[in-house]
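Okay, structure first, notes after.
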Amino acid sequence: MAEAVTRTRRHLPLLLALLAFPSAVFAHRDDQYLQATLVAIEPSGVRLQINLTPGVAVAQQVLAQIDRDRDGAISKNEAAVYAKLLKGDLTLRIDGRKLELKLIGSAFVPPAELRTGAGTIQMEFSAISGPLETGGHRLALENRHLTTISVYLINAAQPRFATVQITRQKRNQNQSAGEIEFVFHPLRPEVAGSGARS
Amino acid sequence: MVLLGVGRNSFAQTNTTPGAPIAAIVAASKKFLATLDDGQRGKVVFDLKDEAQRKRWSNLPTASFKRQGLRMGDLTKPQRDAVLVVLASALSPHGYEKILQIVEADEMLRKSSGGTMFGRDEYYISFLGQPSATEPWMIQFGGHHLGLNITLAGEQRTLAPSHTGAQPALYELEGKTVRPLGRETDKAFGLLSSLNEAQRKQAILDFQMRDLVLGPGRDGQMIQPEGIKGSALTENQRQMLLDLAGEWTGIMHEAAAKAKLDEMKMNIAETWFAWSGPTEKGSAAYFRIQGPTVIIEYAPQRLGGDATKHIHTIYRDPTNDYGIKWQKP
């Protein structure tokens, strides 16, 4: 994901088309905020890649949290404030120990595109786990962001390092919370797994 | 082959044998390009390394996600027919029929909703690179619920990544019931019903899957597999799994489909099958097939209506999306 950037693409024609033909709304997720998180566990820490896609019917509600001055654009400051809001709604633990999340990248599409239901906000957070002991560990992630309008996906990324092996994943029913059990073998060669990317 | 649609804008039967060798696909593509004027040609051919165009595909309708290339509704009848010959030459008979049925479902949606963003006219064709019998190039064809990315490199070719979907996923046309993704659905329930209780316990995930995990826009990501591993299936169940996957790999013409299935067969012990949702036949449930060289997801869309009638699927190859193995750096 790119370094903290606010994309400035203008897709006004898309919005106008959508407004002209509102039947597109029923054809796709319209009243839900999809929050899809990919959890990449690495020897030195954890990365969370989060894709946030508001449906048409909830886009304004989400935008109210982002474009605070209602000027139709998302400033760097507004993007940072929203990232902080999201970060505050996430809890990441390894073996019960809470990890501090740090925003390492974000990409915001313009409000006009978000209102179409096709726009996705991307955010990436990292957390330093500190030295992990050899053996089994448990990562727990909870997402409490905009719970009344959201649906969630939480998945472990296929590890890029042979020293990390995912052994089990568990989620609650709506995937707002998940646990990933993994084994850390520091003596195994740190080579990228075959075809594994995250 | 089923004749779909009538009238000026119909997606109709072609007289080309589907699944032709590379020379025929190149010839069909060049023939289509020859029907275009300079302005149209400038819009339809992109550089093979144009990453933005390569990734410009989606499940969404064109009003929500803007494609580039040439829009079917902007082409003349001979030009549209030439596009269909390109598709028919690159795909298997079943694959070509499935694509037509997906497009026709969108035409049904247009008629029932009045939304002009839907329908046969709203599909786009584009090429990345020049049609060649030896060098890599791509054909892209897509619109709402369809994103075909066909990479060709000599006699090698791949459909990964591609999106298929349908809404409605069941409709009547010319007195016949059409289910564009019906075989996928039936074969998945067939495989599930073949599992014993212990196998089901492994295969069935105890949480909701509300969408595709690796759908359009998720290039380069790969998730940890879940569910039941191929090594825990019987030989018959492994065959059923391959047969199910064949509904995606088999969209391509026979030789390419066979090569892909042979590859999957070699990796079958390392290929996983996961299920989420109800298990009653015909209900709206998510499933996933994931192996070293394939990931397939099938996700009914719960949007207040009947989720069995609105389906999204994705097909990827984590080792060779966009034929990356065959392209020069």
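Inside the stretch A:164-175, can you point out the residues that are facing another protein chain (nearest Cβ under 10 Å) and either more than 16 Å from B:Pro225 (Cβ to Cβ) or among the aliphatic types (A, V, I, L, M) (or both)? Listed by number, the residues that qualify are A:Ile166, A:Asn172, A:Gln173, A:Asn174, A:Gln175.
Scanning the stretch A:138-168 for residues that are under 13 Å from A:Glu42 (Cβ atoms) and either in contact (Cβ under 8 Å) with a residue 60 or more places away in the chain or surrounded by fewer than 18 Cβ atoms within 10 Å (Cβ to Cβ) (or both) gives A:Leu139, A:Ala156, A:Ala157, A:Pro159, A:Arg160, A:Phe161, A:Ala162, A:Thr163, A:Val164, A:Gln165, A:Ile166. Here is the figure for the stretch B:201-228: residues that are assigned to a strand (DSSP E or B) and farther than 25 Å from B:Glu280 by Cβ total 1.
Specify the residue that is surrounded by the fewest Cβ atoms within 10 Å (Cβ to Cβ); the eligible residues are those in the stretch B:266-294 that are part of a loop (DSSP other than H, G, I, E, B) and of a type in the set (Val, Ile, Thr).
Looking at residues that are part of a loop (DSSP other than H, G, I, E, B) and of a type in the set (Val, Ile, Thr), I get B:Thr279.
When A:Gly72, A:Gly105, A:Gly96 are screened for being within 12 Å of the chain's Cα centre (by Cα) and of a type in the set (Gly, Ala, Ser), only A:Gly105 passes. Condition first: of a type in the set (D, E, K, R), modelled with pLDDT of 95 or more and either in contact with a strand residue (DSSP E or B) (Cβ under 6 Å, 6 or more places away or on another chain) or buried (at least 19 other Cβ atoms within 10 Å of the Cβ) (or both). Can you find one or more residues in the stretch A:104-123 that meet it? No, because not a single residue in the stretch A:104-123 is of a type in the set (D, E, K, R), modelled with pLDDT of 95 or more and either in contact with a strand residue (DSSP E or B) (Cβ under 6 Å, 6 or more places away or on another chain) or buried (at least 19 other Cβ atoms within 10 Å of the Cβ) (or both). Among the residues of the stretch B:67-76, are any closer than 21 Å to B:Ile311 by Cα, over 18 Å from the mean Cα position of the chain (by Cα) and in contact (Cβ under 8 Å) with a residue 60 or more places away in the chain? No, because not a single residue in the stretch B:67-76 is closer than 21 Å to B:Ile311 by Cα, over 18 Å from the mean Cα position of the chain (by Cα) and in contact (Cβ under 8 Å) with a residue 60 or more places away in the chain. When B:Thr293, B:Thr313, B:Thr249 are screened for being in contact with a Pro (Cβ under 8 Å, 6 or more places away or on another chain) and in the same structural domain as B:Leu192 (by TED's automatic domain parsing), only B:Thr293 passes.
Being at pLDDT below 95 and among the hydrophobic types (A, V, I, L, M, F, W, C) is the filter here, so list the residues in the stretch A:35-57 that pass it. Hits for the stretch A:35-57 are A:Val56, A:Ala57.
The residue pairs whose first member lies in the stretch B:281-294 and is more than 14 Å from B:Met209 (Cβ to Cβ) and in contact (Cβ under 8 Å) with a residue 24 or more places away in the chain, whose second member is among the aromatic types (Phe, Trp, Tyr) and not in a loop (DSSP other than H, G, I, E, B), and whose beta carbons are closer than 9 Å, counting only pairs six or more residues apart or on different chains, are B:Lys281/B:Phe189; B:Gly282/B:Phe189; B:Gly291/B:Trp272; B:Val294/B:Trp248; B:Val294/B:Tyr315. Only a single criterion out of (1) touching a residue at least 12 places away in the same chain (Cβ under 8 Å); (2) surrounded by 22 or more Cβ atoms within 10 Å (Cβ to Cβ); (3) not aliphatic (A, V, I, L, M) is not satisfied by B:Glu263, namely (2). With respect to A:Ala40, determine if the residue is farther than 26 Å from B:Ala63 by Cα and within 12 Å of the chain's Cα centre (by Cα). Considered against the rule, which asks whether it is farther than 26 Å from B:Ala63 by Cα and within 12 Å of the chain's Cα centre (by Cα), A:Ala40 comes out as yes. Taking the stretch B:7-45 as the range and being at pLDDT 95 or above, closer than 14 Å to B:Ala88 by Cβ and surrounded by fewer than 16 Cβ atoms within 10 Å (Cβ to Cβ) as the test, only B:Lys31 passes. For B:Pro180, the conditions (1) part of a loop (DSSP other than H, G, I, E, B); (2) within 14 Å of another protein chain (Cβ to nearest Cβ); (3) crowded, with 19+ Cβ neighbours inside 10 Å; (4) touching a residue at least 24 places away in the same chain (Cβ under 8 Å) are fulfilled apart from (2). Looking across B:Leu4, B:Leu70, B:Leu48, B:Leu60, one residue alone is farther than 29 Å from A:Pro110 by Cα and either modelled with pLDDT of 95 or more or surrounded by 14 or more Cβ atoms within 10 Å (Cβ to Cβ) (or both). It is B:Leu4. Checked against the criterion of being under 22 Å from B:Thr249 (Cβ atoms) and either at pLDDT 95 or above or surrounded by 24 or more Cβ atoms within 10 Å (Cβ to Cβ) (or both), the stretch B:74-83 has no qualifying residue.
The values are calculated or read from the model by the stated rules, or taken from the named source; none is laboratory data. Just so you know, these numbers come straight off a predicted model, no measurement behind them. Methodologically, a virtual Cβ is constructed for each residue, glycine included, from the backbone with ideal geometry; neighbour enumeration extends over all protein chains shown.
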